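Each remark here refers to the structure printed beneath this line.
The values are calculated or read from the model by the stated rules, or taken from the named source; none is laboratory data. Bear in mind the structure is a predicted one, so any value in this text is a computation, not a measurement. Cβ: placed from backbone, ideal geometry, glycine included. Neighbour counts: every protein chain shown. What goes into the accessible areas is simple: the full protein's heavy atoms, side chains included, and nothing from ligands, DNA or RNA. Shrake-Rupley method; radii C 1.70, N 1.55, O 1.52, S 1.80 Å.
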Amino acid sequence: MKIAALVSGGVDSSVVVHQLKEQGYDPTIFYIRIGMEDKDGYIDCPAEEDIEITSYIAKKYGCKFEIVSLHEEYWENVVSYTIEAVKRGLTPNPDMMCNKMIKFGCFEQNWGHEFDKIATGHYATTTELNDKTWLSTAADHVKDQTYFLGQINYMQVSKLMFPIGHLQKSEVRAIAAQQGLPSALRKDSQGICFLGKINYNDFIGRYLGERPGKIVELETGKILGKHNGYWYHTIGQRKGLGLSGGPWFVIKKDIKRNIIYVSNGYDPDTQYGKVVNLAGFSFITEDIWGDFEGTRDITFKVRHTPEFTRGKIEKIGDIYRIQSEEKIQGIAAGQFGVVYDEESRLCLGSGVIADETAE
């Protein structure tokens with residue numbers, strides 16, 4: 001079997017190579033460069049150290065190693081999407097778009113199609129059920145990354161391998177240490193890769209600039225301060241508001257008037273909601289419900305967290321509406337809601353959260 005292993009230089013993808021070799025495979029290692037160069041300046045992930053580690057892994061295990069570039073494709077499919085979503089007052093998820101459009105999209109079209117399987121260091125698993133492949137959760141529920149894979153399609157999931165999905169993070173690090181891998185003690189990557197060492201607000205400011213506006217207390221209408229543009233803030237945000245007497249949380253945004261509404265305290269009712277409307281919902285493997293009436297029991301996530309939330313889902317026209325059993329903080333338009341089967345924890349699919357705050 002011909003396997004392409006996507007290796008970033010981190011501990012997870014490094015151990016993927018070890019696991020594949022232990023299983024008797026001889027993967028070809030690919031490092032994807034996704035840094036960018038544009039008219040306003042150069043932005044790049046700190047790739048040199050990553051490439052050095054990945055090259056070492058390839059030599060250690062006797063694997064063919066290739067560095068491929070998807071600079072332009074990343075800009076078109078991920079960065080531009082992020083900027084446009086933020087400009088519209090939405091909360092984007094670049095990581096989900098990177099998986100769908102770059103790692104399992106553009107890479108597949110240009111290189112992956114020559115291989116039987118693509119292996120990655122995601123904490124996820126696949127399950128064969130009724131002669132079909134289903135995305136399913138990892139053994140390590142804290143590190144589980146199926147949320148970030150919720151936008152992939154059946155052709156993609158059926159070709160994927162997750163060699164560390166059955167392991168705990170501690171086990172992965174132990175394997176890396178036992179094998180003397182240079183990434184054994186390396187910290188997990190944080191944030192959005194295309195930013196490299198650039199501050200997120202600096203990045204947003206470069207492309208959207210500043211537009212001073214008011215920060216208003218939701219309950220009283222009192223003006224509490226000023227902000228530099230609604231695009232610097234997202235629903236549920238706590239830090240970075242510059243207000244005293246907190247904690248303050250961003251509750252809603254008036255895009256037309258450039259107003260940020262906030263509320264004080266850890267648990268006011270205004271911060272939480274129990275209804276999530278998903279637009280453009282797509283199933284990963286197949287539509288298991290069809291045109292059902294009434295509700296179905298599910299679990300779901302509206303962000304990457306270890307916890308699943310239980311609820312009921314119903315279909316209203318083109319919208320899948322979830323009624324949560326418990327209140328959720330910071331439901332933000334533009335985020336993805338990922339739906340799981342309540343009993344099996346199979347990842348069924350996802351949709352974009354629709355909300356009037358995006359208007």
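Based on this model, can you work out whether I284 counts as touching a residue at least 12 places away in the same chain (Cβ under 8 Å) and touching a Cys at 6+ places or on another chain (Cβ under 7 Å)? Yes, satisfied.
Consider T126 carefully, then state whether it is closer than 21 Å to A4 by Cβ, open to solvent by 20 Å² or more (accessible area, probe 1.4 Å) and either in contact with a Cys (Cβ under 7 Å, 6 or more places away or on another chain) or β-branched (V, I, T) (or both). Yes: the conditions hold for T126. Residue count for the stretch 55-78 satisfying the condition of being under 23 Å from the mean Cα position of the chain (by Cα) and either over 30 Å from Y25 (Cα atoms) or at pLDDT 90 or above (or both): 10.
Under the condition of being under 16 Å from R321 (Cβ atoms) and at pLDDT 90 or above, the residues counted in the stretch 283-292 number 1. Selection of the stretch 79-92 for residues being open to solvent by less than 20 Å² (accessible area, probe 1.4 Å) and on the phi < 0 side of the Ramachandran plot yields V79, T82, A85, V86. Tallying residues that are modelled with pLDDT under 95 and among the hydrophobic types (A, V, I, L, M, F, W, C) within the stretch 320-345 yields 4. Within the stretch 47-76, being of a type in the set (V, I, T) and surrounded by 19 or more Cβ atoms within 10 Å (Cβ to Cβ) holds for I53, T54, I57.
Of the residues D131, D95, D116, the single one that is acidic (D, E) and within 14 Å of the chain's Cα centre (by Cα) is D95. Restricting Q168, Q109, Q145 to those that are polar (S, T, N, Q), crowded, with 16+ Cβ neighbours inside 10 Å and assigned by TED's automatic domain parsing to the domain that holds Y74 reduces the list to Q168. Restricting the stretch 225-247 to residues that are touching a residue at least 24 places away in the same chain (Cβ under 8 Å) and in contact with a Lys or Arg (Cβ under 8 Å, 6 or more places away or on another chain) leaves a set whose member that is farthest from I83 (Cα to Cα) is H227. Put simply, of D287, D318, D297 the only residue that is more than 22 Å from S136 (Cα to Cα) and among the acidic types (D, E) is D318.
Selection of the stretch 148-165 for residues being closer than 19 Å to P94 by Cβ and either buried (at least 20 other Cβ atoms within 10 Å of the Cβ) or assigned by TED's automatic domain parsing to the domain that holds G349 (or both) yields F148, L149, G150, Q151, I152, Q156. Scanning the stretch 263-284 for residues that are open to solvent by 20 Å² or more (accessible area, probe 1.4 Å) and of a type in the set (S, T, Y) yields Y266, T270, Y272, S282.
Only residues that are out of contact with any Gly (no Cβ under 7 Å at 6 or more places or on another chain), under 17 Å from N130 (Cβ atoms) and part of a strand (DSSP E or B) were counted across the stretch 334-348, and they come to 3.
Every condition in (1) open to solvent by 60 Å² or more (accessible area, probe 1.4 Å); (2) in contact with a helix residue (DSSP H, G or I) (Cβ under 8 Å, 6 or more places away or on another chain) is met by E293 except one, and the failing one is (2). Among the residues making up the stretch 302-359, those that are of a type in the set (V, I, T), under 22 Å from the mean Cα position of the chain (by Cα), over 16 Å from Y272 (Cβ atoms) and open to solvent by less than 10 Å² (accessible area, probe 1.4 Å) are V338, V339. Here's a check for you: in the stretch 171-217, which residue that is more than 12 Å from D12 (Cα to Cα), among the small types (G, A, S) and at pLDDT below 85 is surrounded by the fewest Cβ atoms within 10 Å (Cβ to Cβ)? The extreme case among them is G191.
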